[in-house]
Amino acid sequence: MINAHAGGGGEAPRASALMIQRLPGDQTPELPDEEAEERWRRSVILMSSLTTDEMLDPSLHHRDLLFRLFHEDGVRVYETKPLELRCRCSREKVASVLAKFRPDELGDMRAEDGRLVATCEFCRTDYFFDDEDLAELISA
């Protein structure tokens, strides 16, 4: 469930999202499959009962909202982690992947200028490997 409010009358824009996730492997093996399924359905129904106003209410803290919905089942809120746009790629990681290829395969990957270019498809960073770099990879 995702909601957004453009703001009006001087209010700052707001957005809100709530996601529940059914994880593989039952966390409570003593529950019969039917009861586990029923708990899941109940969670989906409770989550679906949220209104846009509740989701976007700046005075309603997320912990209070979760407690309001799921207090009978227990609420566990994990430490907040800030979102940041970054990639975990690095030249060293790309080199470790390239080192697994045979020398002839690395040669086939070279561009017209003789360098091998590996592009991270997440952040679009290009990593260039020249003859010296490739010789080092092959000898490793």
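The values are calculated or read from the model by the stated rules, or taken from the named source; none is laboratory data. Because the structure is a prediction, the values reported are computed rather than measured. Every residue, glycine as well, gets a Cβ built from its backbone with ideal geometry; the counts of neighbours run over all protein chains shown. These area figures cover heavy atoms from the full protein model, side chains too; ligands, DNA and RNA do not enter into them. Shrake-Rupley method; radii C 1.70, N 1.55, O 1.52, S 1.80 Å.
For the range 54-140, count all C-alpha to C-alpha pairs, find those more than 16 Å apart, and express that count as a whole percent of the total. That fraction is 67 percent.
Expected output is a single nm value to one decimal: the length gained when fully extending between VAL44 and LYS93, i.e. 0.36 nm times separation in residues minus the C-alpha distance. What is it? Present the calculation step by step, with values, prior to reporting the outcome.
Values: separation 49, 0.36 × 49 = 17.64 nm, distance 4.01 nm.
Length difference between fully extended and current span is 13.6 nm.
Of the heavy-atom accessible surface of the range 29-93 (probe 1.4 angstrom), what whole percent is carbon and sulfur?
Details: 2940 of 5580 Å².
Carbon-and-sulfur percentage of accessible area, whole number: 53.
Less than 5 angstrom separates the built amide H of THR125 from those of CYS120, all sequence-distant by 5 or more or on a different chain. If you take the Cα centroid of the range 50-90 and the Cα centroid of the range 97-140, the two points sit 43 Å apart. Axis angle, to the nearest 10 degrees, between helix 33-48 and the longest C-alpha principal axis of the chain: 80 degrees. Across the range 88-97, rounded Karplus estimates of 3J(HN,Hα) from the backbone phi angles (6.51 cos²θ - 1.76 cosθ + 1.60, θ = phi - 60°) give 9, 6, 7, 4, 5, 5, 5, 4, 5, 6 Hz, Gly and Pro being marked x. Taken per residue, the accessible surface of the chain reaches 80 Å², heavy atoms only and a 1.4 Å probe. Annotation for HIS71 and THR125: the two label points, set 7 Å from Cα along the Cα-Cβ direction, are 4.8 nm apart. R0 = 41 Å: FRET efficiency of ALA140 with GLU84, Cβ-based, nearest 0.05? About 0.80, to the nearest 0.05.
In order along the range 71-76, the phi-based Karplus estimate (6.51 cos²θ - 1.76 cosθ + 1.60, θ = phi - 60°) of 3J(HN,Hα) comes to 4, 5, 9, x, 10, 10 Hz; Gly and Pro are listed as x. Karplus-based coupling profile of the range 114-128, in residue order and whole Hz: x, 8, 9, 10, 10, 10, 6, 6, 8, 9, 6, 7, 9, 10, 9, with θ = phi - 60° in 6.51 cos²θ - 1.76 cosθ + 1.60 and x standing for Gly or Pro.
State which stretch of the chain is the longest one without any exposed GluC sites (Glu not before Pro), exposure meaning a DSSP loop state and at most 14 other Cβ atoms within 10 Å. Before the final figure, lay out the partial values.
Details: sites that count: GLU11, GLU30, GLU72, GLU79, GLU84, GLU112, GLU121.
Segment 31-71 is the longest.
Treating the beta-carbon of each Lys and Arg as +1 and of each Asp and Glu as -1, no other charges, what is the dipole magnitude of the range 27-68 about its Cα centre, to the nearest 20 debye?
Details: 5 positive and 10 negative charges, 38 e Å.
Dipole magnitude for the range 27-68 comes out near 180 debye.
Relative contact order for the chain: what is it in percent, counting Cα pairs under 8 Å that are at least 6 residues apart?
Values: 90 pairs, mean separation 20.2, N = 140.
It comes to 14 percent, rounded to a whole number.
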